[in-house]
2 protein chains.
Amino acid sequence: MLKAQITVTLKQSILDPQGSAVEKSLRSMGYPIEAVRIGKFMEVRLAEDNVAKANEIVQEICHKLLSNPVIETYHYTLEQEHQKEVEA
Amino acid sequence: MLKAQITVTLKQSILDPQGSAVEKSLRSMGYPIEAVRIGKFMEVRLAEDNVAKANEIVQEICHKLLSNPVIETYHYTLEQEHQKEVEA
């Protein structure tokens, strides 16, 4: 089983009102903040052990469902998930 | 300037209806998906160069504003941000 950790963020040129709001809140609380950008984080467990196939699937679902390629970009990492083995 | 990349996710014991919805959609599209969990991703640029102080700030803002410690956990990485230098 492979686990993909996906982050979807707005492209740099796209305004991020949610990030601006958090930025202002943090500044008003007195923290030395320069900028905040907010995105989504997704953890997808795949019933697939072939890394090449899993890469294909993740890219496809990012394009089709998890991100909007017009305004967003995505990054992901794939890792083998170690299942706990229970001894009898 | 330091950049913190923060992911905030629901604790394992907390139901994630948004993740379940995405999981069902992906399965109905024919992808071999086991599970999906959805969280938030935040990139915070700090006007602070001291790593120890930056760590303190990030942990504080995660507790106070960016996550709800009752139902969520957070992870973050801190890295030096290289600013482009423009030569005159």
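In the set (1) within 12 Å of another protein chain (Cβ to nearest Cβ); (2) more than 16 Å from residue A:7 (Cα to Cα); (3) of a type in the set (Lys, Arg), the condition left unmet by residue B:11 is number (1). Among residues of segment B:19-46 that are closer than 30 Å to residue B:58 by Cα, those with a Cβ under 7 angstrom from a residue that is basic (Lys, Arg) and modelled with pLDDT of 95 or more, sequence gap 6+ or separate chain, pair up as B:19/B:37; B:35/A:45; B:38/A:40; B:40/A:40; B:41/A:40; B:43/A:37; B:43/B:3; B:45/B:3.
With the condition kept exactly as written, say whether any residue in segment A:58-72 is of a type outside the set (S, T, N, Q) and at the interface with chain B (Cβ under 7 Å from one of its Cβ atoms). Scanning segment A:58-72, I find at least one residue that is of a type outside the set (S, T, N, Q) and at the interface with chain B (Cβ under 7 Å from one of its Cβ atoms), so the answer is yes.
Comparison of B:73, B:9, B:77 shows that the only residue that is touching a His at 6+ places or on another chain (Cβ under 9 Å) and touching a residue at least 24 places away in the same chain (Cβ under 8 Å) is B:9.
If the condition is being within 13 Å of residue A:72 (Cβ to Cβ) and among the basic types (Lys, Arg), then segment A:1-22 contributes only A:11.
Of the strands (runs of 3 or more DSSP E) that lie entirely inside chain A, those containing 2 or more residues that are among the hydrophobic types (A, V, I, L, M, F, W, C) and either at pLDDT 95 or above or surrounded by 12 or more Cβ atoms within 10 Å (Cβ to Cβ) (or both) span A:2-10, A:33-46.
Criterion first (within 9 Å of another protein chain (Cβ to nearest Cβ) and of a type outside the set (A, V, I, L, M)) does residue B:5 satisfy it? Considered against the rule, which asks whether it is within 9 Å of another protein chain (Cβ to nearest Cβ) and of a type outside the set (A, V, I, L, M), residue B:5 comes out as yes. Just one of the listed residues (B:21, B:35) is in contact with a strand residue (DSSP E or B) (Cβ under 8 Å, 6 or more places away or on another chain) and either within 11 Å of chain A (Cβ to nearest Cβ) or within 21 Å of residue A:16 (Cα to Cα) (or both), and it is B:35.
The values are calculated or read from the model by the stated rules, or taken from the named source; none is laboratory data. None of the values given here were measured: they were computed from a predicted structure. Cβ coordinates were reconstructed from backbone atoms using ideal geometry, including for glycine residues, and neighbour counts include every protein chain displayed.
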